[in-house]
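A.B. asks: Encoded as structure tokens, here's the structure I'll be asking about.
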Amino acid sequence: MPSDPSPASERAVSASGRFLARLAAFETGALMLAGLAWIAFVSVFFLLFPAVDLATTGLFHDPQQGFRAATTPALMRLRELGPFLVRFIAICSLLLVLVAAFWPAAGRRIALRPPLFLITTLALGPGLLVNAILKNNWGRPRPVMVEAFGGDAPYVSVWRITDHCGTNCSFVSGEGSASFWLFSLVFLVPARWRATTALLIAPLCLALSANRVAFGGHFLSDTLMAWGLTLLVILAMRHLFWEVRGAEARARRWRAGFDRAAAALRRGISRVAGSCRAAFRRFFERFA
């Protein structure tokens with residue numbers, strides 16, 4: 001006859017349920033713990049089982065034709081979609097900031113934190129952490145450079161720094177990071193729409209990231225690690241922009257400072273433009 005659950009097991013189940021509920025509610029703390037656990041798991045797994053990396057890449061490699069996906073027109077167009085979406089969102093965010101700066105009547109109705117959040121997470125995540133720091137300093141050869149797939153470099157495990165690749169190397173995936181950055185939009189929509197927004201973005205993120213693995217541009221571990229690192233950057237900026245103590249008061253101060261700086265910039269531009277017009281007028285008056 002089965003015994004009743006012990007109090008300890010009941011507490012564990014209850015704690016797990018609360019944690020899952022916090023994840024479902026997109027709470028920053030729970031997501032941060034999940035992101036750290038994800039990075040730790042991926043790191044340990046691929047350090048212990050590097051053959052999984054090679055086997056996954058091998059699914060897309062033909063000894064005679066190489067990585068055929070890299071020359072498939074539909075997949076090549078899919079690869080272009082990711083950078084297009086990232087640039088589109090970044091440009092729209094920047095335009096909102098510029099409108100707020102140079103069109104005060106409309107700018108007063110624009111909340112600056114959302115576009116600044118998007119610009120900051122893109123710059124710090126895919127930009128600084130992934131491309132400037134990791135890809136340019138860790139030296140992990142891309143799959144197309146590895147001996148197993150027709151190259152002349154050895155396979156290098158995750159987190160190992162080598163000199164087999166100079167810059168723009170495999171660890172971690174820049175396009176995997178950029179595609180995961182699209183999830184930053186989840187934190188800008190109303191809470192009731194977040195799950196739906198995440199479900200809409202997830203297939204796109206998966207397709208864009210898997211496409212790079214199929215092209216021989218990155219190992220599976222590069223992509224999975226990029227997801228976790230980008231998530232941590234997004235969550236850190238979400239906490240800084242909205243959740244840290246005094247965030248609302250600081251946001252008001254930032255906005256007041258932004259408005260003062262924008263007004264000073266507009267006055268400066270107006271003075272320079274006036275001086276230029278006067279100089280042109282004096283110049284042409286000489287020929288009148």
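The values are calculated or read from the model by the stated rules, or taken from the named source; none is laboratory data. Since this is a predicted model, take the numbers as computed values, not measurements. Positions of Cβ are generated from backbone atoms using ideal geometry, with glycine treated the same way; all protein chains shown enter the neighbour counts.
A.B. asks: If I filter the stretch 214-234 for residues that are over 16 Å from V172 (Cα atoms) and surrounded by 17 or more Cβ atoms within 10 Å (Cβ to Cβ), do I get at least one hit?
C.D. replies: The answer is yes, given that some residue of the stretch 214-234 is over 16 Å from V172 (Cα atoms) and surrounded by 17 or more Cβ atoms within 10 Å (Cβ to Cβ).
A.B. asks: Same structure again: Can you tell me how many residues in the stretch 56-82 are assigned to a helix (DSSP H, G or I), in contact with a helix residue (DSSP H, G or I) (Cβ under 9 Å, 6 or more places away or on another chain) and loosely packed, with under 15 Cβ neighbours inside 10 Å?
C.D. replies: Residues that pass the stated criteria total 3.
A.B. asks: Shifting gears a bit: Counting only residues that are under 15 Å from the mean Cα position of the chain (by Cα) and of a type outside the set (A, V, I, L, M), which one in the stretch 83-113 is surrounded by the most Cβ atoms within 10 Å (Cβ to Cβ)?
C.D. replies: Per the criteria, the residue is S93.
A.B. asks: Exactly one of these conditions fails for A191: (1) modelled with pLDDT of 95 or more; (2) under 24 Å from A111 (Cβ atoms). Give me its number.
C.D. replies: Every listed condition holds for A191 apart from (1).
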